[in-house]
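Undergrad: After the C-alpha cells below, expect a handful of questions from me.
The values are calculated or read from the model by the stated rules, or taken from the named source; none is laboratory data. Remember, predicted model here, so these are calculated numbers, not experimental data. Note that each Cβ is placed from the backbone with ideal geometry, even for glycine, and that neighbours are counted across all protein chains shown.
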Amino acid sequence: MRIAIGSDHRGYQIRPRIIEWLQERGYEVIDVGSHSQDPVDYPDIAEAVAMKVSQGEVDRGILLCGTGLGMSIAANKVRGVRAVPCHDDLTAEMSRRHNDANILCLSADLLGERLLFRVIEIWLKTPFEGGRHARRLEKISAIEEEIAQEICSQKKGQDGSETARS
Ligand code: RB5
C-alpha cells in the first residue's frame, strides 16, 4: 500500500517516527513535508496529500496538525477525498468500516504516542464493509459531481458572455 504523509509544524517532530514505523511494516511512503520546524499553513500540506489520493497516486493519506481538525477540513475540499479526524480505536475502526476513509487526520498535540500508533494501525488494517455503506458513499460522490457540474456550467456561462461582448 502506498501512503502519502504530511504535517504542519505541530506534527513535524512525530512525522519521521511515523514514516519509519510505516516503512518497517512494508508500506511505501511518500513524504510531502513540511521540511522544517517553521510554521506553515496546514491547508497547503493537506492539499498536497489530498491531491495524491484524489489522483490515485497513492492509496491512502495521513495528515498531522495540532488537532487533526484543520487538516481534515482542508483535505475534504478535494474531490474523492474522505478525510477523517480520528482520536481513538472506535473512530479509527468505524471511519474505515462505514466511511471508507482514505485520509487519516491526527492530532500531534492531543494523542499520546502509543495511542497515535494504535489508531494508525487500526485505520490501516480495517476493511470497508461495503453494502449499504457503499450506497451512502455514492450519494456523497453525487453531491461532489453536482457541485462540479454547477461550477462548470457557471464558467461556461461566463465564457459565453465574454465572447458575446468581444
Ligand atoms: C497551528 O497552530 C494549528 O492551528 C494547526 O496545527 C491545526 O491544529 C489546525 O487545525
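Undergrad: Identify all residues within the range 4-51 that are away from the ligand (no atom under 16 Å from the Cβ) and under 11 Å from Leu63 (Cβ atoms); write none if there are none.
TA: Within the range 4-51, Ala4 is the sole residue that qualifies.
Undergrad: Could you list all residues from the range 1-59 that are assigned to a loop (DSSP other than H, G, I, E, B) and under 25 Å from Pro127 (Cβ atoms)?
TA: The answer is Met1, Arg25, Gly26, Tyr27, Gln55, Gly56, Glu57, Val58, Asp59.
Undergrad: Shifting gears a bit: Would you check which residues across the range 2-45 are of a type in the set (A, V, I, L, M, F, W, C), surrounded by fewer than 19 Cβ atoms within 10 Å (Cβ to Cβ) and closer than 21 Å to Val78 by Cα and list them?
TA: Of everything in the range 2-45, those that are of a type in the set (A, V, I, L, M, F, W, C), surrounded by fewer than 19 Cβ atoms within 10 Å (Cβ to Cβ) and closer than 21 Å to Val78 by Cα turn out to be Val29, Ile30.
Undergrad: Of (1) over 11 Å from the mean Cα position of the chain (by Cα); (2) away from the ligand (no atom under 16 Å from the Cβ); (3) at negative phi, Asp100 satisfies all except one. Which?
TA: (3)
Undergrad: Same structure, new question: Evaluate the range 128-142: report whether one residue or more is closer than 29 Å to Ile18 by Cα and within 16 Å of the ligand (Cβ to nearest atom).
TA: No, that holds for no residue.
Undergrad: Also, I was wondering about something else. Hey, can you tell me all the residues within the range 63-92 that are over 19 Å from Ile18 (Cβ atoms), outside any loop (DSSP other than H, G, I, E, B) and more than 14 Å from the ligand (Cβ to nearest atom)?
TA: Of everything in the range 63-92, just one residue is over 19 Å from Ile18 (Cβ atoms), outside any loop (DSSP other than H, G, I, E, B) and more than 14 Å from the ligand (Cβ to nearest atom), namely Leu90.
Undergrad: Checking Asp109 against (1) surrounded by fewer than 18 Cβ atoms within 10 Å (Cβ to Cβ); (2) free of Cβ contacts under 8 Å to residues at least 60 places away in the same chain, which single condition isn't satisfied?
TA: Only one criterion in (1) surrounded by fewer than 18 Cβ atoms within 10 Å (Cβ to Cβ); (2) free of Cβ contacts under 8 Å to residues at least 60 places away in the same chain is unmet by Asp109, namely (2).
Undergrad: Restrict the check to the range 103-113 and report whether at least one residue is of a type in the set (Gly, Ala, Ser), outside the structural domain of His9 (by TED's automatic domain parsing) and not in a loop (DSSP other than H, G, I, E, B).
TA: no
Undergrad: Continuing with this model, one more query. Looking only at the range 76-114, count how many residues are touching a Pro at 6+ places or on another chain (Cβ under 6 Å) and small (Gly, Ala, Ser).
TA: 0
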